[in-house]
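To keep things clear, I will list the structure first and then write my remarks on it.
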Amino acid sequence: MKDRGILNAKWMGATDVITRIGKRTLRFGRGPWAASWAASVGKKEKEGPLGALFDQCHEDTTLGLESWEQAESRLQSEAAQLALRKAGMEREAIDCVFAGDLLNQCAASVFGLRELDIPFLGQYGACSTMAQTLGMAAVFVEAGAARRALAVTSSHFCSAERQFRLPLEYGGQRTPTAQWTATASGAVIVSREPPSGVERAVVVREATFGRMRDLGIKDAANMGAAMAPAAWETLLDYFTDTASAPSDFDLILTGDLGAVGSDLLRELALRDGFDIAAVHNDGGLMLYDRQRQDVHAGASGCGCSAAVLCSVVLGDLLAGRMQDVLFVGTGALMSLTTSQQGESIPGVAHLIHLRSVPVHSHTDTGAAGR
C-alpha cells in the first residue's frame, strides 16, 4: 500500500516530497523559499516600535479613498504589489494567490486583489490568516501545483470596528482585555526557486495546521483568552511530532494573543512541562508601544501578525540574526451574528517553521532535517 504520509509531485522533471511527521506536521523536502515580502500600514502602526521597518506607511485612515473598506483593500493591494516589485517580478509570475481578511466574504481581499488577474483562493482564519495563507502557499509550491504563490492578508481598525462591534461615533468604552485591530497588510511570495543574488534566504521548513478549540469563552473583548488554548495545542502537536523543544528556536512568535493571551499561553505550556518564556513573543505586543499608545491589551487583526512577520521577523531571518522561528498565527473564529446569539468563540492556530539558510548549501543538499 502506498504510504499516505508521503505526497509526491513533479514539476518540470523534479520530484519534491512532502512528508507527514507524526500526526499533524508537514515537512517540506526542499523547503519553499520566501522570495520576497512587504508590509503596508497606517499612521498608528508607523508610530509604534517597528515603524521604520515597514515598506509603506500612511497618515490617514481612509488613504484618501471614500471608505475604510476601500482603504483596507488598498493596503492589501499595496503589500502585494510591493512584494512583487521587491522580487523583481510581474504579476504574471504568480500562479495563485491565497488571501483573506476579517470582513464578510473576505471583501478586502476580493476588491484589493481583483486587478492582479491571478487565480484567487480566498481564506478565512480570522487573525490566523497570515499563517494559513503562508502554509497553503508552501504546500502548493512544494507539491508542484504552483511555481510561485502569493500569501497576503489585511485588517483595518475602523472597518473591523464597524463590522464586529459598535460604530466609532458611539464612543464606547474599551475593557482592559480589549485589543486594538491593526490597520496593516502583509504579503509573502513563496517560490520554488531561491531569490537570486543573495547568500542567505528564508525557507518554509514545516507547517502544522491546527484544530479548533472552544473553552466556552463568549467575551468578544477578550479574544486572547479564547485563542491561547488553540495556540498551545498546535505548539504541543508540533513539539511532539518533531521531537523538538522551545530551546531549539530563536523565536516563537504568536499573533496575536496580546497581553492576556500571552500570559495564558505561557501558563498552559508550563502546565505541560514546557517553558517558552525565554523565546516567546507576540505580534500583538510588538506592533505598538502599550505604555505610550492607548491599545489596552495590545494589537489584533489579520494585519498585525502579517505586518510584524513581513518586517522585523523575516528581515532578521534574512540577515542571519535568527535561524529558526516558529510563527504561530492565532484566530478567534467569531462573527457579529454568532456573538449576538450568545455563541462561544472557537480558537484556531496554525504554525509555520521558518529557517534562515545559506542558499548554496540548501540548494545542493536539501533542507537539513530536525
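The values are calculated or read from the model by the stated rules, or taken from the named source; none is laboratory data. What you see is a predicted model; the values in this text were computed from it and never measured. Positions of Cβ are generated from backbone atoms using ideal geometry, with glycine treated the same way; all protein chains shown enter the neighbour counts.
Side notes on the structure shown:
- Residues in region 135-148 that are touching a Ser or Thr at 6+ places or on another chain (Cβ under 9 Å) and either part of a helix (DSSP H, G or I) or closer than 25 Å to SER305 by Cα (or both): 3 in all.
- Flag for TRP37 being under 26 Å from VAL357 (Cα atoms), in contact with a Cys (Cβ under 7 Å, 6 or more places away or on another chain) and hydrophobic (A, V, I, L, M, F, W, C): yes
- Qualifying residue in region 95-105 (condition: in a helix (DSSP H, G or I), touching a strand residue (DSSP E or B) at 6+ places or on another chain (Cβ under 7 Å) and in the same structural domain as ALA182 (by TED's automatic domain parsing)): no
Quick grid of which residues meet (1) in a loop (DSSP other than H, G, I, E, B); (2) surrounded by 17 or more Cβ atoms within 10 Å (Cβ to Cβ):
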position	(1), (2)
GLU267	no, no
ASP275	yes, no
TYR288	yes, yes
ASP294	yes, no
ALA307	no, yes
LEU314	no, yes
GLU343	yes, no
SER356	no, yes
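- Number of positions in region 226-265 that are in a loop (DSSP other than H, G, I, E, B) and among the charged types (D, E, K, R): 2
- In region 196-225, the residue that is nearest to the chain's Cα centre (by Cα) out of those that are under 20 Å from ALA349 (Cβ atoms), charged (D, E, K, R) and assigned to a loop (DSSP other than H, G, I, E, B) is ARG211.
- Criterion: in contact with a His (Cβ under 9 Å, 6 or more places away or on another chain), assigned to a helix (DSSP H, G or I), in contact (Cβ under 8 Å) with a residue 12 or more places away in the chain and buried (at least 21 other Cβ atoms within 10 Å of the Cβ) - qualifying residue of LEU75, LEU113: LEU75
- Filtering region 247-259 to residues that are crowded, with 22+ Cβ neighbours inside 10 Å and of a type in the set (A, V, I, L, M) leaves ILE252, LEU253, LEU257.
- Within region 148-161, residues that are acidic (Asp, Glu) have Cβ atoms under 8 Å from residues that are assigned to a helix (DSSP H, G or I) and surrounded by fewer than 24 Cβ atoms within 10 Å (Cβ to Cβ) in these pairs: GLU161/LEU168, counting only partners at least 6 apart in sequence or on another chain.
- Residue satisfying all of: in region 175-190; surrounded by fewer than 24 Cβ atoms within 10 Å (Cβ to Cβ) and either not assigned by TED's automatic domain parsing to the domain that holds THR129 or not hydroxyl-bearing (Ser, Thr, Tyr) (or both); modelled with the highest pLDDT among these: ALA178
- Residue that is farthest from ALA319 (Cα to Cα) [pool: residues in region 184-195 that are of a type outside the set (A, V, I, L, M, F, W, C) and in a strand (DSSP E or B)]: SER185
- Residue in region 80-90 that is in a loop (DSSP other than H, G, I, E, B), surrounded by fewer than 21 Cβ atoms within 10 Å (Cβ to Cβ), touching a residue at least 60 places away in the same chain (Cβ under 8 Å) and of a type in the set (A, V, I, L, M) present: yes
- Pairs are defined by a Cβ separation below 6 Å, a sequence spacing of at least 6 or placement on different chains, a first member in region 179-193 that is basic (Lys, Arg), and a second member that is buried (at least 24 other Cβ atoms within 10 Å of the Cβ); the pairs so defined are ARG192/VAL141.
- Filter result for ASP237 (touching a residue at least 24 places away in the same chain (Cβ under 8 Å), farther than 21 Å from LEU287 by Cβ and more than 15 Å from the chain's Cα centre (by Cα)): yes
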